[in-house]
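Visitor: This is the structure I have questions about; it appears just below.
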Amino acid sequence: MLNRLKTNACSPGMKNCGIVAVACLGLTSNLYGGTPAEKSRPNILLINVDDMGWRDVGFMGSAYYETPNIDKLAKMGMVFTSAYAGAANCAPSRACLMTGNWTPRHGIYTVDNSDRGKSVDRKLIPVRNTTTLTDQISILPEILHQNGYVTCLAGKWHLSDDPLKRGFDVNIGGSHAGNPGSYYPPYTNVPSLTAPSPGYNLTDLITDKTLDFIRSTDNEKPFFLYYAPYAVHTPIQAVKNILNKYTGKPGWNDQHNPAYATMIENLDTQIGRLIDLLEKSGKSENTFILFTSDNGGVYGITSQSPLRAGKGSPYEGGIREPMIAVWKGKILPETRNDEPITQIDFFPTLLQVAGIEPGEVKEFDGLSIMPLLTGKGKLTERPLYWHFPVYLEGGNKECQDTVFRTRPGSAIRLGDWKLIQYFENNDLELYDLKYDIGEKNNLSKAFPVKTKELLGLLERWRKETGAPVPVEQNPEYKGK
């Protein structure tokens with residue numbers, strides 16, 4: 001089902017973006033003077049961590065990683081236990097979040113090329129991947145900017161070369177790069193940022209400049225801050241001043257990587273700095289906060305058990321994410337919601353938060369989750385979909401095989417049931433997540449009627465969205 005949203009007709013690009021990006025952090029807040037209507041709108045803080053898994057935070061049960069600030073944030077609002085990314089790896093997931101659309105509508109299915117791994121292991125010729133988000137699709141920062149918001153990207157963008165051309169007034173370190181190359185200077189893939197001193201951590205620097213942005217705003221115009229740190233994506237580089245506390249710390253649930261743990265704790269510290277500034281400045285009283293991650297944690301570096309597998313896989317460990325929503329006076333603190341939602345729902349939700357009315361310009365696939373946030377209703381039960389017409393190497397014992405994290409296929413969740421279809425041999429896997437969250441027992445043969453129902457919905461959805469399915473055989477394939 002498509003929903004429609006009305007936006008202003010102005011161009012997504014802004015004049016003098018480069019000047020704004022360089023100068024705004026040092027200017028006084030009157031740069032952002034606003035109308036009375038704009039003054040009443042809430043600020044929006046969207047925190048999108050990179051590669052942080054469902055169990056990589058204390059509020060989701062981890063007894064190894066230490067995340068006191070994120071855990072405090074969880075107590076301030078609503079925790080969603082069945083929140084999903086739009087894809088199992090970063091670029092397509094972020095494109096889904098920014099557009100409110102399923103992957104077939106924007107065509108970004110993976111990072112870089114789609115024929116990952118060895119050709120002799122690939123039975124099919126995968127669908128060609130898109131690496132840059134088309135400017136024909138309006139995205140969240142553009143619409144918020146057009147409707148009076150001051151917009152800032154802090155950290156990873158990954159969807160085009162220049163985020164300033166996609167609705168952001170301020171860009172702190174964002175580009176097409178998917179990882180920083182190094183968290184210590186020189187920041188290989190983040191040349192726009194210069195370390196203030198030798199050994200200065202990139203996550204700290206991005207937060208420093210983010211705090212400057214928050215200070216530069218006032219109550220004249222609302223802000224949209226997309227805080228998307230590169231952490232905790234590889235390379236895994238320890239934060240040395242806290243490494244000792246984890247070196248001898250007992251592992252938990254197959255979480256036992258000290259260097260990764262320091263990156264999580266340091267990121268938690270930076271998020272604590274953001275929340276502390278919002279509270280001390282009084283801005284938290286009128287700020288809507290969403291916290292999530294773009295995909296599951298990397299299997300082998302961390303573990304999401306009892307969820308299966310990790311980043312890059314259509315199993316729960318690759319797509320189920322930690323999520324928190326906070327809005328003082330609107331969302332009750334210390335609440336929990338188990339209803340399945342997806343990050344494409346963020347698009348209509350944040351527009352509703354911003355008071356932007358539906359219209360006839362922008363199409364999106366998500367649903368506003370405002371009824372859940374306010375406790376005034378439920379969402380109509382609907383299927384959630386994932387489409388991966390590509391190959392991604394790096395399989396392990398919890399993936400379908402040890403060669404690929406994913407082979408071409410699609411997945412659907414409806415209620416407690418989840419079906420995965422792999423295209424190479426039309427393999428079908430059906431799981432009842434209510435009783436088997438670890439996806440250990442394939443029930444496709446035991447429940448043929450349910451399998452047929454979900455497969456029919458999946459096929460119809462692919463037809464409606466124009467989702468490409470690879471069928472061409474790879475002549476170099478050496479398998480059975």
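The values are calculated or read from the model by the stated rules, or taken from the named source; none is laboratory data. Computed from a predicted structure; not experimentally measured. Cβ coordinates were reconstructed from backbone atoms using ideal geometry, including for glycine residues, and neighbour counts include every protein chain displayed.
Visitor: When the residues of the stretch 55-86 are narrowed to those that are acidic (Asp, Glu) and surrounded by fewer than 23 Cβ atoms within 10 Å (Cβ to Cβ), which ends up farthest from Asp416 (Cα to Cα)?
Guide: Going through the stretch 55-86, the residues acidic (Asp, Glu) turn out to be 56, 66, 71.
Then drop every residue that is not surrounded by fewer than 23 Cβ atoms within 10 Å (Cβ to Cβ), which leaves 66, 71.
On the way: Glu66: 31, Asp71: 27 Å.
Applying the filter and picking the extreme gives Glu66.
Visitor: Say we look at the stretch 422-440 and pick out the residues that are within 28 Å of the chain's Cα centre (by Cα) and either exposed (fewer than 12 other Cβ atoms within 10 Å of the Cβ) or of a type in the set (S, T, N, Q) (or both); which of these is nearest to Tyr84 (Cα to Cα)?
Guide: Taking the candidates together, the pick is Lys434.
Visitor: Give the residues of the stretch 156-206 that are touching a residue at least 40 places away in the same chain (Cβ under 8 Å) and under 17 Å from Ile236 (Cα atoms), sorted by residue number.
Guide: Lys156, Gly178, Asn179, Pro180, Gly181, Ser182, Tyr183, Tyr184, Val190, Asn201, Thr203, Asp204
Visitor: Here is a further query. Output the residues belonging to the stretch 299-332 that are of a type in the set (Phe, Trp, Tyr) and surrounded by fewer than 24 Cβ atoms within 10 Å (Cβ to Cβ). I'd like the intermediate steps shown before the answer.
Guide: From the stretch 299-332, those of a type in the set (Phe, Trp, Tyr) are 299, 315, 327; that's our starting set.
The one that is of a type in the set (Phe, Trp, Tyr) and surrounded by fewer than 24 Cβ atoms within 10 Å (Cβ to Cβ): Trp327.
Visitor: Does Ala83 satisfy being among the small types (Gly, Ala, Ser) and touching a Pro at 6+ places or on another chain (Cβ under 8 Å)? Talk me through it step by step, then tell me what you get.
Guide: Working: among the small types (Gly, Ala, Ser): yes; touching a Pro at 6+ places or on another chain (Cβ under 8 Å): yes.
Criteria met by Ala83.
Visitor: Further question: Kindly state which helices (runs of 4 or more DSSP H) lie completely within the stretch 260-374 and contain at least 1 residues that are more than 16 Å from the chain's Cα centre (by Cα). First the steps, then the outcome.
Guide: Values: elements: 316-319, 346-353, 370-374.
Hits in the stretch 260-374: 346-353, 370-374.
Visitor: Checking the conditions here, which among Glu339, Glu381, Glu398, Glu363 is exposed (fewer than 15 other Cβ atoms within 10 Å of the Cβ), of a type in the set (D, E, K, R) and touching a residue at least 40 places away in the same chain (Cβ under 8 Å)? Please lay out each step first, then the result.
Guide: Working: Glu381 fails: touching a residue at least 40 places away in the same chain (Cβ under 8 Å); Glu398 fails: exposed (fewer than 15 other Cβ atoms within 10 Å of the Cβ); Glu363 fails: exposed (fewer than 15 other Cβ atoms within 10 Å of the Cβ).
Step by step, each of Glu339, Glu381, Glu398, Glu363 is checked, and only Glu339 is exposed (fewer than 15 other Cβ atoms within 10 Å of the Cβ), of a type in the set (D, E, K, R) and touching a residue at least 40 places away in the same chain (Cβ under 8 Å).
Visitor: Same structure, new question: Can you find, within the stretch 300-348, the residue that is nearest to His387 (Cα to Cα) among those that are among the basic types (Lys, Arg) and touching an Asp or Glu at 6+ places or on another chain (Cβ under 7 Å)?
Guide: Taking the candidates together, the pick is Lys311.
Visitor: Right, Leu211: modelled with pLDDT of 95 or more, surrounded by 24 or more Cβ atoms within 10 Å (Cβ to Cβ), more than 13 Å from Ala228 (Cα to Cα) and of a type outside the set (D, E, K, R) or not? Quick ask: steps written out before the conclusion?
Guide: Details: modelled with pLDDT of 95 or more: yes; surrounded by 24 or more Cβ atoms within 10 Å (Cβ to Cβ): no; more than 13 Å from Ala228 (Cα to Cα): yes; of a type outside the set (D, E, K, R): yes.
Here the answer is no, as Leu211 does not meet what is asked.
Visitor: Output yes when any residue across the stretch 177-187 is surrounded by fewer than 24 Cβ atoms within 10 Å (Cβ to Cβ), within 20 Å of Ser293 (Cβ to Cβ), under 18 Å from the mean Cα position of the chain (by Cα) and not hydrophobic (A, V, I, L, M, F, W, C), and no when none is. Break it down stepwise before answering.
Guide: Going through the stretch 177-187, the residues surrounded by fewer than 24 Cβ atoms within 10 Å (Cβ to Cβ) turn out to be 177-179, 181-182, 184-187.
Then drop every residue that is not within 20 Å of Ser293 (Cβ to Cβ), which leaves 177-179.
When the remaining residues are screened for being under 18 Å from the mean Cα position of the chain (by Cα), the result is 177-179.
Adding the requirement that they be not hydrophobic (A, V, I, L, M, F, W, C) leaves 178-179.
Yes - at least one qualifying residue is present in the stretch 177-187.
Visitor: With the condition kept exactly as written, say whether any residue in the stretch 65-82 is in contact with a Gly (Cβ under 7 Å, 6 or more places away or on another chain) and more than 21 Å from Ile271 (Cβ to Cβ).
Guide: Within the stretch 65-82 (the criterion being in contact with a Gly (Cβ under 7 Å, 6 or more places away or on another chain) and more than 21 Å from Ile271 (Cβ to Cβ)), the answer is no, since none of the residues qualifies.
Visitor: Of the residues in the stretch 432-460, how many are farther than 29 Å from Ser303 by Cβ and among the acidic types (Asp, Glu)?
Guide: Final tally of qualifying residues: 2.
Visitor: Next up: Note down all Cβ pairs under 7 Å where the first residue falls in the stretch 129-144 and is more than 17 Å from Glu363 (Cβ to Cβ), the second is buried (at least 17 other Cβ atoms within 10 Å of the Cβ) and aromatic (Phe, Trp, Tyr), and they're at least six residues apart or on different chains.
Guide: Cβ pairs passing all conditions: Asn129/Tyr109; Pro141/Phe168; Pro141/Phe224; Pro141/Tyr226; Leu144/Phe224.
Visitor: Condition first: crowded, with 24+ Cβ neighbours inside 10 Å, in contact with a strand residue (DSSP E or B) (Cβ under 6 Å, 6 or more places away or on another chain) and closer than 26 Å to Gly355 by Cα. Can you find one or more residues in the stretch 281-288 that meet it?
Guide: yes
Visitor: Scanning the stretch 322-343 for residues that are touching a helix residue (DSSP H, G or I) at 6+ places or on another chain (Cβ under 7 Å) and acidic (Asp, Glu), which turns out farthest from Ser93 (Cα to Cα)?
Guide: Among residues in the stretch 322-343 that are touching a helix residue (DSSP H, G or I) at 6+ places or on another chain (Cβ under 7 Å) and acidic (Asp, Glu), the one farthest from Ser93 (Cα to Cα) is Glu334.
Visitor: Tell me which residues, restricted to the stretch 47-85, are part of a loop (DSSP other than H, G, I, E, B), within 19 Å of Thr210 (Cβ to Cβ) and either in contact with a strand residue (DSSP E or B) (Cβ under 8 Å, 6 or more places away or on another chain) or acidic (Asp, Glu) (or both).
Guide: Start the filter on the stretch 47-85 by keeping residues that are part of a loop (DSSP other than H, G, I, E, B), which leaves 50-57, 61-67, 77, 85.
Those still in the list that are within 19 Å of Thr210 (Cβ to Cβ) too: 50, 52, 67.
Residues satisfying the conditions are Asp50, Met52.
Visitor: Among the residues of the stretch 239-259, what is the count of those that are surrounded by 13 or more Cβ atoms within 10 Å (Cβ to Cβ) and either more than 29 Å from the chain's Cα centre (by Cα) or not in a strand (DSSP E or B) (or both)?
Guide: Result for the stretch 239-259: 13.
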